[in-house]
1. Is it the case that the range 95-108 has a residue that's polar (S, T, N, Q) and over 12 Å from the mean Cα position of the chain (by Cα)?
2. Take residue 67 and decide whether it is assigned to a helix (DSSP H, G or I), in contact with a helix residue (DSSP H, G or I) (Cβ under 6 Å, 6 or more places away or on another chain) and under 25 Å from residue 4 (Cβ atoms).
3. For the range 78-96, which positions are touching a Leu at 6+ places or on another chain (Cβ under 8 Å) and part of a loop (DSSP other than H, G, I, E, B)?
4. Exactly one condition in (1) at positive phi; (2) assigned to a helix (DSSP H, G or I); (3) not charged (D, E, K, R) is false for residue 27; which is it?
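Read the figures in this text as sums done on the coordinates, not as results from a lab. Bear in mind that the values here come from a model prediction, so they are computed numbers and not experimental data. In this analysis, Cβ positions are derived from the backbone assuming ideal geometry, glycine residues included, and neighbour counts consider all displayed protein chains.
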Amino acid sequence: MEYYIDPVTFVTQKSGFESKYIKNLLGLLDEGATIPFISRYRKEMTGSMDEVQVGQVREIYEQFKELEKRKKTVLESIEQQEKLTPELRKQIEHCTDLRELEDIYLPYKPKKQTR
């Protein structure tokens, strides 16, 4: 999947942990490693994060992936309406909050058709 923002940077900023540990942790999560496995057997890769901290990082990572998926949908929708400007594209791609993204999209959101 193509990301508009680097996932390591996003999660590092939101979590406050060191980026080298976040990079390792995201790699382990992408490989399918479980939280208990990571917190017990990969302490050297995560800076000795406990299960709660690993869970928090995973939650932030899931939020990131959801935000990126929504950005793609929003961009496609506005592009289909032929209203996408370079400035608007840049604003959407650099957005780091789902609410902010929805606020940007609101004027372009297709209206529901009623009978």
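1. Filtering the range 95-108 down to residues polar (S, T, N, Q) leaves 96.
Right, trim to over 12 Å from the mean Cα position of the chain (by Cα) and you get none.
There is no residue in the range 95-108 that is polar (S, T, N, Q) and over 12 Å from the mean Cα position of the chain (by Cα).
2. Working: assigned to a helix (DSSP H, G or I): yes; in contact with a helix residue (DSSP H, G or I) (Cβ under 6 Å, 6 or more places away or on another chain): yes; under 25 Å from residue 4 (Cβ atoms): yes.
Yes: the conditions hold for residue 67.
3. Matches in the range 78-96: 84, 95, 96.
4. (1)
Let's see how each residue does on (1) more than 19 Å from residue 4 (Cα to Cα); (2) in contact (Cβ under 8 Å) with a residue 24 or more places away in the chain; (3) not β-branched (Val, Ile, Thr):
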site	(1), (2), (3)
36	yes, no, yes
50	yes, no, yes
53	yes, yes, yes
62	no, no, yes
88	no, no, yes
104	no, yes, no
110	yes, yes, yes
